[in-house]
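Undergrad: This is the structure, below, for whatever I ask next.
The values are calculated or read from the model by the stated rules, or taken from the named source; none is laboratory data. Since this is a predicted model, take the numbers as computed values, not measurements. Cβ placement follows ideal geometry from the backbone for every residue including glycine, while neighbour counts extend to all protein chains displayed. Just so you know, the surface numbers come from the protein's heavy atoms only, side chains and all, with ligands and any DNA or RNA stripped out. Shrake-Rupley method; radii C 1.70, N 1.55, O 1.52, S 1.80 Å.
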Amino acid sequence: MSLVDQLKEQMKEAMRAKEKVRLGTIRMALAAVKQLEVDTRETLSDEQAIAVLTKMVKQRRDSIAQYEAAGRDELAQAEAEEIQVLETFLPQPLSQEEVDALVDATIEQVGASSMADMGKVMGALKPKVQGRADMAAIGAMIKAKLK
C-alpha cells in the first residue's frame, strides 16, 4: 500500500474514532501531497511523499522553537502533537552507527577527498536517508570527515 493510501485509510479511521488532532494533521498532510501533485502534474512516489512529510515535521520543529521562545507553550504543544502524528507515517529513523556507516560508504563510493566534493556526497546520500535522518546533522558529519 502506498503512503498516500495509508494516509487516506488512517484519515477514515481518525474520522470514525473522532480524533480531531490526528484527523486535522492527516488532512493537512494529504493537502500538501495533493498540492505538490497538482503543481508537478504527476502522482507522487512514496519517496516524494516522505519528503513532503519530512518537510512538514521540520516546519513544526521550527515553529515549536519560536513558540517556546515567545512563551506560547500551548501552541508549541499543539505542534508537538502534529509531529507525533506525522512521524507515524515516516520510516524508522536510522541509528547513529548506521548513519556513520552510510556516510563513510558514500564518501568512498563518490571518491570525495575535500570540501569541494561535499555536494556530490550529499546528493548521493540524500535518497538513502530521506525521512530517516536529519540532513543538517549529516551535513555536519560530512564536513567533519572531509576537512
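Undergrad: Which residues, taken from the range 52-74, are assigned to a helix (DSSP H, G or I), farther than 21 Å from Val33 by Cα and free of Cβ contacts under 8 Å to residues at least 12 places away in the same chain? First the steps, then the outcome.
TA: Start the filter on the range 52-74 by keeping residues that are assigned to a helix (DSSP H, G or I), which leaves 52-69, 73-74.
This time we only want the ones that are farther than 21 Å from Val33 by Cα, so: 64-69, 73-74.
The answer is Ala65, Gln66, Glu68, Ala69, Asp73, Glu74.
Undergrad: Ok, one more. Only one of Pro127, Pro93 is open to solvent by 50 Å² or more (accessible area, probe 1.4 Å), under 30 Å from Met28 (Cα atoms), in a loop (DSSP other than H, G, I, E, B) and out of contact with any Gly (no Cβ under 6 Å at 6 or more places or on another chain); which?
TA: Working: Pro127 fails: in a loop (DSSP other than H, G, I, E, B).
After ruling out the rest, the residue left standing is Pro93.
Undergrad: Evaluate the following for Leu44: is it of a type outside the set (Gly, Ala, Ser), within 13 Å of the chain's Cα centre (by Cα) and not in a helix (DSSP H, G or I)? Steps first, please.
TA: Working: of a type outside the set (Gly, Ala, Ser): yes; within 13 Å of the chain's Cα centre (by Cα): no; not in a helix (DSSP H, G or I): yes.
Against the criterion (of a type outside the set (Gly, Ala, Ser), within 13 Å of the chain's Cα centre (by Cα) and not in a helix (DSSP H, G or I)), Leu44 does not qualify.
Undergrad: Let me ask something else about it. Would you check which residues across the range 99-124 are in contact (Cβ under 8 Å) with a residue 24 or more places away in the chain and exposed (fewer than 15 other Cβ atoms within 10 Å of the Cβ) and list them? Reasoning before the result, please.
TA: Filtering the range 99-124 for residues in contact (Cβ under 8 Å) with a residue 24 or more places away in the chain gives 99-100, 102-104, 107, 112-115, 117-118, 121.
The answer is Asp100, Asp104, Ser113, Ser114, Met115.
For (1) in a helix (DSSP H, G or I); (2) over 23 Å from Ile26 (Cβ atoms); (3) in contact with a His (Cβ under 8 Å, 6 or more places away or on another chain); (4) at pLDDT below 85, each residue gets a yes or a no:
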{"position": "Glu82", "(1), (2), (3), (4)": "yes, no, no, no"}
{"position": "Ala101", "(1), (2), (3), (4)": "yes, yes, no, no"}
{"position": "Ala133", "(1), (2), (3), (4)": "no, yes, no, yes"}
{"position": "Gly139", "(1), (2), (3), (4)": "yes, yes, no, no"}
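Undergrad: Hey, can you tell me all the residues within the range 1-20 that are open to solvent by less than 50 Å² (accessible area, probe 1.4 Å) and either over 17 Å from Glu81 (Cα atoms) or outside any helix (DSSP H, G or I) (or both)?
TA: Ser2, Leu3, Val4
Undergrad: Further question: When you check Gln77 against the structure, is it assigned to a helix (DSSP H, G or I) and either out of contact with any strand residue (DSSP E or B) (no Cβ under 9 Å at 6 or more places or on another chain) or farther than 24 Å from Leu125 by Cβ (or both), yes or no?
TA: Spelling it out, Gln77 is indeed assigned to a helix (DSSP H, G or I) and either out of contact with any strand residue (DSSP E or B) (no Cβ under 9 Å at 6 or more places or on another chain) or farther than 24 Å from Leu125 by Cβ (or both).
Undergrad: Which is open to solvent by less than 40 Å² (accessible area, probe 1.4 Å), among the hydrophobic types (A, V, I, L, M, F, W, C), under 19 Å from Gln6 (Cβ atoms) and modelled with pLDDT under 95, of Leu23, Leu53? Working first, answer last.
TA: Numbers: Leu23 fails: modelled with pLDDT under 95.
Just a single option satisfies the conditions, and that option is Leu53.
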